[in-house]
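Each remark here refers to the structure printed beneath this line.
Just so it is clear, none of the values below were taken in a lab; they were calculated from the coordinates. Just so it is clear, the structure is predicted and the values come from calculations on it, not from any experiment. When we count neighbours, we look across all protein chains shown, and the Cβ atoms used for this are built from the backbone with ideal geometry, even at glycine.
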Amino acid sequence: MDWKKKIFKNHNPSEFEDLAFEVFRYQIKHCDEYSNYAKALKRLNPSSLDEIPFLPISFFKSHKIHSSIAQNIEEVFKSSGTGGQRSQHFVHDISIYEESFFSAFKNFIGDPEKFVILGLLPNYIEQGDSSLVYMVSCLMNKSESVHSKFILDKPQEIPALINAAKHDGREVLLFGVAYSLLDLIDLKIDLSGCCVIETGGMKGRRKELSKAKMHELLCQELNISKLYSEYGMTELLSQAYCSQDLVFSTPPWMKILYRDQADPLTLTSGAKSSGINVIDLANVHSCSFIATDDAGVKRNNGFEIIGRIQNSDVRGCNLLVD
C-alpha cells in the first residue's frame with residue numbers, strides 16, 4: 001500500500017477522519033503494543049475520533065512501538081535523554097519523515113533553497129540519533145549553500161556567517177534550542193535580519209520561562225524580527241509551527257485533540273488547560289495516536305502550549321498487556 005500517497009494530501013475533515021480510521025485499523029492489526037492497549041481499554045471499535053485510544057507517549061521509552069509488517073528499520077531516532085531513559089522511534093520508511101518535514105517547512109517557513117541554514121543544537125548533537133538533527137541536516141543539504149552548517153562550540157562565528165549569507169543574497173535561518181539562543185544574549189550576538197526557529201526547551205540548562213516571555217526576551221535582546229517556534233518530538237514524524245502569536249498550526253496530516261487532565265480517557269473542547277493528544281498520520285508504521293505530556297489550549301484554528309503536565313505519565317500506562 002502506498003501510504004505516502006494517501007497521507008500527504010490536503011485532507012478535508014471527512015477525508016482526514018476516514019484515513020485516520022484506516023490507519024487505526026492497520027495499527028490495531030500490526031502493532032501489538034498499541035493493540036494490547038486498545039484491548040485493555042475495550043476500545044477496539046471506535047465510532048468517532050473521540051473514541052480512538054491515544055497511547056501514552058511514555059510507552060516509546062519502554063516498548064518498541066512499531067508495525068510487525070514493516071520489518072526493515074531504516075532509522076532509530078532517540079530523544080534527548082534529559083529525563084533519564086530515552087524514547088526510541090523505529091522508522092521503517094524514512095522517506096515518509098522527509099516528505100513530512102520538507103512539506104511542512106515549505107508551507108510554514110518557505111523554500112529551504114532561499115536560506116543559509118544554521119543549527120544551534122548542541123545537546124542534540126552530543127546525544128546523537130536525533131530526529132531534529134536529521135531534519136535540519138536534510139534542510140541544510142536542500143539549501144545547497146556552503147555556509148549552511150551546525151554551530152557547535154563557536155557561536156561567535158554566527159555574525160560572519162550572516163554577512164556571508166547576505167553577500168550571497170540569502171537570508172539566514174537559525175534553528176536553535178531555547179537555552180542556546182538565550183546564551184547568545186550574553187555574547188551580544190546581533191541576529192538582525194535573521195529568521196529564527198526556537199525549539200526544544202531549556203533541557204535543564206536554564207530556568208524555565210513561558211514561551212511568551214522567552215520570545216519577548218529573544219526578540220528584544222537579539223534584534224530578531226522573525227521568530228518562529230517548532231513543535232515536534234522524537235515520537236512524532238510531523239511538526240507544527242507558530243510565529244510571534246504563539247499559536248501553532250499543523251499540516252493537513254496532523255490533528256490536535258484535547259483531553260481532560262483529571263480523566264485522560266475523556267476528550268474536551270480545549271477551552272481550558274488540557275492534555276494534548278496528537279493524531280500524526282505520518283506515524284503510520286508506529287502509532288499515530290499519541291497522548292503527549294504537554295498541556296495546552298485551543299486557539300481558533302490552532303493551539304497554544306502552556307506547559308508540561310505535572311506527574312506526566314498518563315494514567316492508563318499500567319493497562320498495557322505485555
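When the chain is treated as a GNM, springs tying every alpha-carbon pair under 10 Å, which of Leu217, Leu236, Leu139 comes out with the largest mean-square fluctuation?
Leu217
Between Ser243 and Asn107, what is the label-to-label distance in nm when each label sits 7 Å out along the Cα-to-Cβ direction?
Each label point lies 7 Å from its Cα, and together they span 1.7 nm.
Rounded, prolate or oblate: which fits the stretch 1-135 when a ≥ b ≥ c are the square roots of the eigenvalues of the alpha-carbon gyration tensor, with rounded for a/c under 1.5 and prolate only if a/b beats b/c? Don't skip to the end; give the middle numbers.
Numbers: a/c = 2.09, a/b = 1.29, b/c = 1.62.
Here the stretch 1-135 falls in the oblate category.
Can you bin the stretch 97-231 into rounded, prolate or oblate? Criterion: square roots of the alpha carbon gyration tensor eigenvalues sorted a ≥ b ≥ c, rounded for a/c under 1.5, prolate for a/b above b/c, oblate for the rest.
Because its axes are fairly even, with a/c under 1.5, the stretch 97-231 counts as rounded.
Percent relative contact order of the chain, based on C-alpha pairs within less than 8 angstrom and at least six residues apart?
Relative CO of the chain lands at 19 percent.
Angle check, please: helix 211-222 long axis (alpha carbons) against the longest principal axis of the chain (alpha carbons), in degrees 0 to 90, nearest 10.
That helix lies at roughly 20 degrees to the long axis.
If you take the charge dipole of the chain about its Cα centre, with +1 on Lys and Arg Cβ and -1 on Asp and Glu Cβ, which of Pro252, Leu191, Ile94 is farthest toward its positive end?
Of the options given, the answer is Pro252.
Quick check: the angle from helix 131-143's long axis to the longest principal axis of the chain, C-alpha only, nearest 10 degrees?
Once rounded, one gets 50 degrees.
Post the alpha-carbon centroid distance, the stretch 133-210 to the stretch 1-52, in whole angstrom.
37
Which whole-angstrom value gives the distance between the alpha carbon centres of the stretch 267-292 and the stretch 70-118?
When both Cα centres are located, 18 Å separates them.
Hey, got a sec? Which trypsin sites (Lys or Arg not before Pro) in the stretch 146-232 land in a DSSP loop and have at most 15 other Cβ atoms within 10 Å?
For trypsin sites (Lys or Arg not before Pro) across the stretch 146-232 that sit outside H, G, I, E and B with at most 15 neighbouring Cβ atoms in 10 Å, the list reads Lys188, Arg205, Arg206, Lys207.
If you take the Cα atoms of the stretch 17-72, find Rg, then find the Kirkwood Rh from the mean of 1/r over all pairs, what is Rg/Rh? Kindly include the intermediate steps, with their values, before the conclusion.
Working: Rg = 11.2 Å, Rh = 11.8 Å.
When Rh is taken as the Kirkwood radius, the ratio is 0.96.
From Cα pairs below 8 angstrom and at least 6 apart in sequence, can you work out the relative contact order of the stretch 97-231, rounded to a whole percent?
On the way: 190 pairs, mean separation 30.8, N = 135.
Computed value for the stretch 97-231: 23 percent relative contact order.
When only Cα pairs under 8 Å and 6 or more residues apart are kept, what is the percent relative contact order across the stretch 216-295?
20
Let me have the 222 nm mean residue ellipticity of the chain computed from DSSP H runs of 4+ only, each contributing -39500 (n - 2.57), with the sum over all residues rounded to the nearest 500.
-9500 deg cm²/dmol
With charges only on Cβ, +1 for K and R and -1 for D and E, what is the dipole size of the chain about its Cα centre, in debye, rounded to 20? Provide the component values of the computation, followed by the final result.
Values: 35 positive and 41 negative charges, 78 e Å.
Roughly 380 debye, rounded to the nearest 20.
Given the options Val278, Tyr228, Asn10, identify the residue whose Cα lies farthest towards the positive end of the charge dipole of the chain (+1 on Cβ of Lys, Arg; -1 on Cβ of Asp, Glu).
Working it through, the farthest residue towards the positive pole turns out to be Val278.
What distance in nm lies between label points placed 7 Å from Cα along the C-beta direction at Arg308 and Ala262?
2.5
Pick out which of Asp153, Asp293, Asp168 has the largest mean-square fluctuation in a Gaussian network model of the chain, springs linking Cα atoms closer than 10 Å.
Asp153
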